[in-house]
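Report on the following structure.
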Amino acid sequence: MNQNTEKQKRSAIVVPDGLTEVLLHACCAPCSSAIVEWLVEHGVQPVIFYYNPNIFPREEYEIRKQESKRHAESLGIRWIDGDYDHDGWRAAVCGLEQEPERGRRCEQCFRLRLTATARKAQELGIPFFTTTLASSRWKDIEQINRAGKAAETSLTPNIQHPTPKFWPQNWRKGGLSDRRNQLLKEFGFYNQQYCGCEFSMRH
């Protein structure tokens, strides 16, 4: 790889000023693996937050959760388990069941999960949060960024726990998509075949 190509890969990921620790919302181990590796190599400490009440059925959720936990533990990275409340998720997307993938249901789902991530970051005093959802070519980056910003602005700031900032990074860039595929094989990750919710099974 020549120097220009390497420079382009580095510049594709822009770290906000002052960022040394980030709460990383992880949808699964395969999607988080290359991101975590990049963060650690560039002096950013990730804390993984696994919050995905959209995933159905429960058995699928547990498989993905355990793979995410296994990956974090193998690297000595803090891993936090979010609540699995699929009924609450269904209530949040009520009326959007027939929306296509990348439609309004997906954006509502992103908003729900990233709002929980923002709250957890504020609770822990972590100044930034981001999401592995932005690593998938099946997701709409603009929807994810709107959801992240909405999550950030939904919080009430206070002296003890300042409002964390959303880091709207496109994690497909910087060679991370290719690295994800390499790490998937190296770790032997379970690689799911659909997004997660029962409605995404149609596609």
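The values are calculated or read from the model by the stated rules, or taken from the named source; none is laboratory data. This structure is a prediction, so every number in the text was calculated from the model and none was measured. All Cβ positions, even for glycine, are placed from backbone atoms using ideal geometry, and neighbour counts span all protein chains on display. The protein model used for the area step is the full one, side chains on, heavy atoms only, and it has no ligands, DNA or RNA in it. Shrake-Rupley method; radii C 1.70, N 1.55, O 1.52, S 1.80 Å.
Considering only residues in segment 176-193 that are assigned to a helix (DSSP H, G or I) and among the hydrophobic types (A, V, I, L, M, F, W, C), the one that is surrounded by the most Cβ atoms within 10 Å (Cβ to Cβ) turns out to be 176. Residues that are in contact with a Phe, Trp or Tyr (Cβ under 8 Å, 6 or more places away or on another chain), at pLDDT 95 or above and either closer than 25 Å to residue 152 by Cβ or surrounded by fewer than 19 Cβ atoms within 10 Å (Cβ to Cβ) (or both) within segment 71-92 comprise 72, 73, 74, 79, 80, 81, 82, 84, 86, listed in sequence order.
Restricting attention to segment 50-66, the residues that are under 14 Å from residue 29 (Cα atoms) and either among the aromatic types (Phe, Trp, Tyr) or surrounded by fewer than 20 Cβ atoms within 10 Å (Cβ to Cβ) (or both) total 7.
For segment 1-33, the set of residues classified as modelled with pLDDT of 95 or more, over 18 Å from residue 133 (Cβ atoms) and of a type in the set (S, T, N, Q) consists of 20 only. Report, by residue number, each residue of segment 21-74 that is among the β-branched types (Val, Ile, Thr) and free of Cβ contacts under 8 Å to residues at least 40 places away in the same chain. Correct list: 40, 44, 48.
Of the numbered criteria (1) more than 25 Å from residue 70 (Cα to Cα); (2) open to solvent by 40 Å² or more (accessible area, probe 1.4 Å), the one residue 143 fails is (2). Here residue 162 clears all of (1) at pLDDT 95 or above; (2) touching a helix residue (DSSP H, G or I) at 6+ places or on another chain (Cβ under 8 Å) except the condition numbered (1).
Any residue in segment 127-139 that is farther than 18 Å from residue 24 by Cα and of a type in the set (Lys, Arg)?
yes
None of 136, 200 is closer than 20 Å to residue 50 by Cα, among the small types (Gly, Ala, Ser) and more than 17 Å from the chain's Cα centre (by Cα) except 200. Has segment 104-113 got any residue that is more than 15 Å from the chain's Cα centre (by Cα), closer than 19 Å to residue 201 by Cβ and surrounded by fewer than 17 Cβ atoms within 10 Å (Cβ to Cβ)? Yes, some residue in segment 104-113 is more than 15 Å from the chain's Cα centre (by Cα), closer than 19 Å to residue 201 by Cβ and surrounded by fewer than 17 Cβ atoms within 10 Å (Cβ to Cβ). Confirm whether residue 136 is closer than 26 Å to residue 58 by Cα and of a type in the set (S, T, N, Q). Spelling it out, residue 136 is indeed closer than 26 Å to residue 58 by Cα and of a type in the set (S, T, N, Q). Could you list, in sequence order, all residues of segment 178-195 that are in contact with a Pro (Cβ under 9 Å, 6 or more places away or on another chain) and polar (S, T, N, Q)? Hits for segment 178-195 are 181, 191, 192. Considering segment 75-155, the qualifying helices (runs of 4 or more DSSP H), each wholly inside and each with 2 or more residues that are touching a residue at least 60 places away in the same chain (Cβ under 8 Å), run over 104-124.
Looking at the structure I just gave you, is residue 39 open to solvent by less than 10 Å² (accessible area, probe 1.4 Å) and out of contact with any helix residue (DSSP H, G or I) (no Cβ under 7 Å at 6 or more places or on another chain)? In short, yes. Scanning segment 147-203 for residues that are within 30 Å of residue 93 (Cβ to Cβ) and of a type in the set (Phe, Trp, Tyr) gives 166, 167, 171, 189, 190, 194, 199.
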